[in-house]
């Protein structure tokens, strides 16, 4: 007799990942099937778990096989506050329901998503330099130009074909420091791009190119660290360099279209958008060469709709993926079925106990992630390990050290 996948429990869990916390949703059915998803509260999203815990009861007694029906019910219940952490909560729920459905049918999630069009997905090594600059969490740490050279060389040495890096300042002794005013480091609400930042970025990219060699693709992430004027300054400074893309975050599609029209490099964006309606203006304005979709935020099923719309506008897509291994697997199943996939983000640098937290790890070979054919997403959190690393109380955007007081 086929299992009916009636939801009996909805539960959130979390654990420490040294400098942030990992967050998971566990959905259990009356048949004993367990589905998982991973979500995030560190990237400007405190409170996602609280939203899930407030609305998850509406799924109890309903079949996970009808995941679109359940999502629409939750969307109706939260419509006045849609988007933001509410949207991310719906995405986490959708992804866990997809895992339940696939495990109930004993198939990989990519089968539910339409079937794979590729067996492996090209990836790039994200946060290259950025993570190792967190010297108390990653080994070997990077503090100066020698460390930058070493990791750029290591990318190709380990078989990867692409890396993504960020903006760094260099001092007189060649020590590095990150620059991201869009995220408050340093605190500069104007987000002005000055001469030193331009020169140091150019130097950083030239150092990485020389160390990585001519055959490694280099991606640059400018995040929210400028305004239209500043982004144009960056693009003029680096227009003659060999870059795979320049990633820019702005919420104004017309501004981004203007920036793109002045860029000699492909422009990627949209990683912080939720829902097809937020993506459409960027497609209509021809604002991006590559639309980046955060599938944990949007839900993989909804992300397929966004990717289909992008294809109608002759735009390729990529994944926003700097979370744990479950998110990587979720993104891999999405990437395997989407025809207009450009490349997938992944973090290679990991903290010491990261591998303990999941039952299976992603498999990489020659710069590609090899798709799993295990049921569901192909991995799940190890609950015993989660308990061994309890979540930190002092991390996340709402708990950062407050700003110094201004003089009165």
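Where a number appears in this text, it was derived from the coordinates with a stated rule and is not lab data. Every value quoted in this text rests on a predicted model; they were computed, and no experiment measured them. Glycine gets a Cβ as well: all are built from the backbone with ideal geometry, and neighbour counts include every protein chain shown.
In percent, what relative contact order does the chain have, based on Cα pairs under 8 Å that are 6 or more apart in sequence?
Values: 830 pairs, mean separation 84.9, N = 408.
About 21 percent, as a whole number.
State the Cα centre-to-centre distance between the range 155-206 and the range 335-408 in whole Å.
23 Å
Between residue 158 and residue 210, what is the spin-label point distance in nm, taking each point 7 Å from the Cα along the Cα→C-beta axis?
2.3 nm
Return the distance in nm (one decimal) between the two label points of a simple spin-label model at residue 203 and residue 11, each offset 7 Å from Cα along Cα→Cβ.
Label-label distance for residue 203 and residue 11, simple model: 5.3 nm.
Treating the angle as unsigned and between 0 and 90°, give the value, to the nearest 10°, between the Cα long axis of helix 67-78 and the longest Cα principal axis of the chain.
The angle comes out near 70 degrees.
Between 209, 58, 20, where does the largest GNM mean-square fluctuation fall for the chain, given springs only between Cα atoms within less than 10 Å?
In the Gaussian network model the winner is 58.
Taking the beta-carbon count within 10 Å as an exposure proxy, list 228, 346 from fewest neighbours to most.
Fewest to most other Cβ atoms nearby, the residues stand as 228, 346.
Just to confirm the number: angle between the C-alpha axis of helix 325-337 and the first principal axis of the chain, 0 to 90 degrees, nearest 10?
So the helix axis and the longest Cα principal axis differ by about 90 degrees.
Based on the Cβ-Cβ distance of residue 76 and residue 135, what FRET efficiency does E = 1/(1 + (r/R0)^6) give at R0 = 51 Å, to the nearest 0.05? Working shown, then result.
Values: r = 48 Å, r/R0 = 0.94.
Once the sixth-power term is evaluated, E becomes 0.60.
So which residue, out of 82, 269, 37, gets the largest mean-square fluctuation from a GNM of the chain using Cα contacts under 10 Å as springs?
In this elastic network of the chain, the residue with the biggest mean-square fluctuation among 82, 269, 37 is 82.
Multiplying the sequence separation of residue 385 and residue 284 by 0.36 nm and subtracting their Cα-Cα distance, what value in nm do you get?
Details: separation 101, 0.36 × 101 = 36.36 nm, distance 4.61 nm.
Gain on extension, residue 385 to residue 284, equals 31.7 nm.
Any chance you could run the full-extension gain for residue 68 through residue 228? It's 0.36 nm times the residue separation minus the Cα-Cα distance, nm to one decimal.
Stretched out fully, the residue 68 to residue 228 stretch lengthens by 53.8 nm.
If you rank 328, 28 by fewest surrounding Cβ atoms within 10 Å, what's the result?
On the way: 328 25, 28 17.
Exposure proxy ranking, most exposed first: 28, 328.
Going by the alpha-carbon gyration tensor, a ≥ b ≥ c the square roots of its eigenvalues, is the range 7-107 rounded (a/c under 1.5) or, if a/c is not under 1.5, prolate (a/b greater than b/c) versus oblate?
Details: a/c = 2.07, a/b = 1.23, b/c = 1.68.
Because a/c hits 1.5 or more and a/b fails to exceed b/c, the range 7-107 counts as oblate.
Helix 145-157: angle to the longest alpha-carbon principal axis of the chain, degrees 0 to 90, nearest 10?
Rounded to the nearest ten degrees, it is 50.
Of the candidates 117, 143, 86, which one comes out as most mobile in a Gaussian network treatment of the chain with C-alpha springs shorter than 10 Å?
Ranking 117, 143, 86 by mean-square fluctuation puts 117 first.
Classify the range 112-377: rounded, prolate or oblate, from the alpha-carbon gyration tensor (a ≥ b ≥ c, eigenvalue square roots; a/c under 1.5 rounded; otherwise prolate if a/b is larger than b/c)? Intermediate results must be reported in sequence, preceding the final value.
On the way: a/c = 1.78, a/b = 1.15, b/c = 1.54.
Verdict is oblate for the range 112-377.
What full-extension length gain, to one decimal in nm, is calculated for residue 143 and residue 107 as 0.36 nm per residue of separation minus the Cα-Cα distance?
Numbers: separation 36, 0.36 × 36 = 12.96 nm, distance 4.58 nm.
Result for the pair: 8.4 nm of gain on full extension.
Given the -39500 (n - 2.57) contribution per DSSP H run of 4+ residues, what per-residue ellipticity at 222 nm results for the chain, rounded to the nearest 500 deg cm²/dmol? Working shown, then result.
Details: 13 runs with 141 residues, N = 408.
My calculation for the chain gives -10500 deg cm²/dmol from helical runs alone.
Could you tell me the center-to-center distance, by alpha carbons, between the range 7-57 and the range 224-279 in angstrom?
33 Å
Please tell me the relative contact order of the range 158-315 in percent, rounded to the nearest whole number, where contacts are Cα pairs under 8 Å and at least six residues apart. Write down the numbers at each step before the final one.
Values: 236 pairs, mean separation 27.6, N = 158.
It rounds to 17 percent for the range 158-315.
Test of understanding: ordering 119, 215 by Cβ neighbours within 10 Å, fewest first, what list do you get? Provide the component values of the computation, followed by the final result.
Numbers: 119 10, 215 7.
Least crowded to most crowded, the residues run 215, 119.
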